[in-house]
1. Can you name every residue in the stretch 46-86 that is free of Cβ contacts under 8 Å to residues at least 40 places away in the same chain and among the β-branched types (V, I, T)?
2. Looking at (1) surrounded by 11 or more Cβ atoms within 10 Å (Cβ to Cβ); (2) at pLDDT 90 or above; (3) not charged (D, E, K, R), find the lone condition where Y52 falls short.
Amino acid sequence: MTSVKPRRDLSTDLSPPRSTEGFWLWSLSGTDRRARIVHLTKGGRELITRVYADHASDMERLAAASLNRAERETLISLLKKIGYEAAARHE
């Protein structure tokens, strides 16, 4: 697992956008000088896709070992409900 640790204090650092390990880029917000906008690079998206696939498989195996079919369906339904609400709040 790759861990990215800031090498400097990002709360006061106003240097130009940069890439860390090729996974993400950040830039300053145009409206809030306290905020940084972070974008995944192609390599970052590939890493997240690969890591998420492993995570999803692990969670499915764990759910299959500990929940019956009806419980898994209920869990999926509830997680989707939370996800849709979160997405609606960020639109």
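1. The answer is I48, T49, T74, I76, I82.
2. Unmet for Y52, out of (1) surrounded by 11 or more Cβ atoms within 10 Å (Cβ to Cβ); (2) at pLDDT 90 or above; (3) not charged (D, E, K, R): (1).
The values are calculated or read from the model by the stated rules, or taken from the named source; none is laboratory data. Everything numeric in this text was worked out from a predicted model, so none of it was measured. All Cβ positions, glycine included, derive from the backbone under ideal geometry; neighbour counts span all protein chains shown.
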